[in-house]
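Accompanying notes for the structure given below.
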Amino acid sequence: MENKNTFKNYYILTEGVSIMRSNVNFNTKIIHNCQTEKEAGAIVQSIVPAVAYSFDCTTDAQHATKCASEIHYGRYGNDTTKQLEQKIASLEEADDALAVSSGMAAISIALLSQLKSGDHVLVTKDLYGGTYSFLTKIASRYNIEYDYIDCTDTNTIEQHIKDNTKVIFIETPSNPTLTILDIEAISHVAKKHHLKVIIDNTFMSPYLQRPLTLGADIIVHSATKYLNGHGDVVAGLICGSNEDIAFMRQNIMGELGQNLNAWDAFLILRGIKTLSVRMDRHCENAKAVFEYLKNHPLVKNVYFPGNENHPQKETIEKQMADSGAVVSFEIDGDSKMAEALLNHLKLIIISFSLGDPETLIQHPASMTHSAIPVEELKDFNLTESLIRLSVGLEAAEDIINDLDQAFDKVKEEFIK
């Protein structure tokens, strides 16, 4: 993948006019792109809380309801969410984007836009527990078929494609085992069979990975995580073609009431401006934590894309600009030992989320992935001793010291 900081061109949207700027660094783009307050002289975007909008005549109002790009009612978007959509679309190099009420709203809207009753979707077997719940509890009720498969092997993908398969849904790195999938290779298979590829890019953000440039069709984000970066917003974003986004906006998001409000859109616009500096620090800290964990006697396995000896290093270097900030590891023991480690931490916070300034830790089997029955965990490459660590922005030394004292207490408690 090209350098994470370089874009050949981009557009600053000012009063509806696109002005091309060449060879601009990503760090400049995330701050200046899609700032539309030139007329008012405001550097920061406005918050527009309006739900209803006025029109000069009925003809204009009727046109607005039929045009996805027109703002006419709050459930279909507003001026502030539109700015956020323009910004994330430019960062992911997409035609358009849709801002929605949560990461799960983004996942469900993206899937429902491509699937109907009787259709089939192939899903990477190691994925976020919420996606698992959506497929098993909701999609199945509407006769949407799915298979969880090993997407590291494109031959396996081809073998599972059916006549009614419409979509391949993947995460890379996956949540929580950080499995790396070759986006370009999977997209090639998808195009060969006329399928859409939907990728959850939450763990990477467009700063570290841009799947559309590698052949994917639709990107989803939990903007709650790194894009916002401050732990104070629940939101989702979808990026894709003009046609796909228009369909989602007009036929799914608005009808199901999954729109994002103006205040949360404003907070994400604020957060995105520091995305690059935050991600650089997140990645730096994660590498230091990995070096500590890989040598600890109570750690059995560590999963981290920044591992210099990673078996998929070639794919990582091709599509990722850096390691990301999530490190998952298996403690050399059972679930009780894993839970004890979390309970002995003093600085690191037990939480379901990730991507915050604070370092967050969780036990997937009993928390984010608890919807998966214990007897099925192995089918999803999960174990009860697995721990997911979202490395924050604190001093790496303090994060490591907290882990170290917690490991010492676990050793005293369980190892005689």
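The values are calculated or read from the model by the stated rules, or taken from the named source; none is laboratory data. Just so it is clear, the structure is predicted and the values come from calculations on it, not from any experiment. Methodologically, a virtual Cβ is constructed for each residue, glycine included, from the backbone with ideal geometry; neighbour enumeration extends over all protein chains shown. These area figures cover heavy atoms from the full protein model, side chains too; ligands, DNA and RNA do not enter into them. Shrake-Rupley method; radii C 1.70, N 1.55, O 1.52, S 1.80 Å.
Quick check on the chain: helices-only [θ] at 222 nm, where DSSP H runs of length 4 and up contribute -39,500 (n - 2.57) each and the sum goes over total residues. Nearest 500, please. Walk me through the numbers before you get to the answer.
Numbers: 14 runs with 141 residues, N = 416.
When only DSSP H runs of four or more count, the value is -10000 deg cm²/dmol.
Carbon and sulfur together cover what percent of the accessible area of the chain at a 1.4 Å probe radius?
With neighbouring chains kept in place, the figure for the chain is 48 percent.
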Report Cys34's accessible area, 1.4 Å probe, all protein chains in place, as a number in Å² to the nearest 10. 0 Å²
Cα-Cα P(r), region 290-416, percent of pairs per 10 Å interval: 12, 43, 36, 9, 0
Eligible aspartates and glutamates near Lys294 by straight Cα distance, threshold 15 Å, same-chain separation 8 or greater: Glu308, Glu330, Asp332, Asp404
Counting every Cα pair in the chain, what percent are over 28 Å apart? 48 percent
Rounded, prolate or oblate: which fits region 138-179, taking a ≥ b ≥ c as square roots of the Cα gyration tensor eigenvalues, rounded meaning a/c under 1.5, else prolate when a/b beats b/c? oblate
Unit charges on C-beta of K, R, D, E only; dipole of the chain, Debye: 460 debye
List the pairs from Lys166/Lys300; Lys82/Lys196; Lys287/Lys416; Lys125/Lys346; Lys66/Lys273; Lys29/Lys346 whose alpha-carbon separation is above 27 Å, in the order I gave them. Lys166/Lys300; Lys287/Lys416; Lys125/Lys346; Lys66/Lys273; Lys29/Lys346
Net charge near Phe414: determine it from the other residues with C-beta under 13 Å of the C-beta of Phe414, scoring Lys and Arg +1 and Asp and Glu -1. -2
Which residue, chosen from Met337, Ala396, Phe134, occupies the Cα position most advanced towards the positive end of the dipole of the chain, where the dipole is computed from +1 (Lys, Arg) and -1 (Asp, Glu) charges on Cβ about the Cα centre? Phe134
Accessible area (Å², per residue) of region 151-266, counting only protein heavy atoms and a probe of 1.4 Å: 32 Å²
Tell me, Kirkwood radius of region 33-175 from alpha-carbon pair distances, in Å? 18.1 Å
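Based only on Cα atoms, what mean projected area does the convex hull of region 204-353 have, in nm²?
That works out to 11.5 nm², a quarter of the Cα hull's surface.
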